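A.B. asks: Pasting in a structure now, in structure tokens, and then I'll have a few things to ask.
What follows draws every value from the coordinates through simple rules; no lab data is involved. The shown structure was predicted, so the numbers you read here are calculated from the model rather than taken from an experiment. Counting neighbours? That spans all protein chains shown, and the Cβs are built from the backbone with ideal geometry, glycine included.
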Amino acid sequence: MILDLGAVAVSAEVKINGERAGIACLAPYAFDSTDRLHAGRNQLEIIVANTLSNYYSQFVQLDDKPLSEGGGRPERRLSGLIGPVILRVECPVSQKRRSS
């Protein structure tokens with residue numbers, strides 16, 4: 001089972017039932033969750049982190065400051081878990097070979 005987060009800006013950490021499934025800073029934001037899922041209810045935790053770009057873009061008093069002092073107001077950027085989040089069932093490579 002692959003948990004695919006789709007689009008993420010900028011990084012994501014995934015925990016399934018309290019166990020870390022992985023961290024990704026670049027696409028694809030996909031995590032093998034096969035050994036962490038069990039029958040019944042499961043707990044999924046997704047922690048997304050971004051840069052401070054959007055935070056600093058709100059301070060108009062930094063407009064005239066040099067970049068080294070936090071100026072150069074960056075534009076607002078896409079941020080967070082954009083998705084779509086999909087849980088894919090994939091057949092292991094060893095089983096794919098047997099069915100061919």
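A.B. asks: Based solely on C-alpha atoms, express the radius of gyration and the Dmax of the range 1-45 in angstrom.
C.D. replies: In Å, with Rg to one decimal and Dmax whole: 10.5, 31.
A.B. asks: Just to verify a number: FRET efficiency for Leu78 and Glu13, C-beta to C-beta distance, R0 = 22 Å, to 0.05? Don't skip to the end; give the middle numbers.
C.D. replies: Numbers: r = 19 Å, r/R0 = 0.85.
Computed FRET efficiency for Leu78 and Glu13 comes out at 0.70.
A.B. asks: If the label point is 7 Å along Cα→Cβ of Glu69, which residues in the range 34-63 have backbone nitrogen under 15 Å from it?
C.D. replies: Only 60-63 fall inside the zone, counting backbone N under 15 Å.
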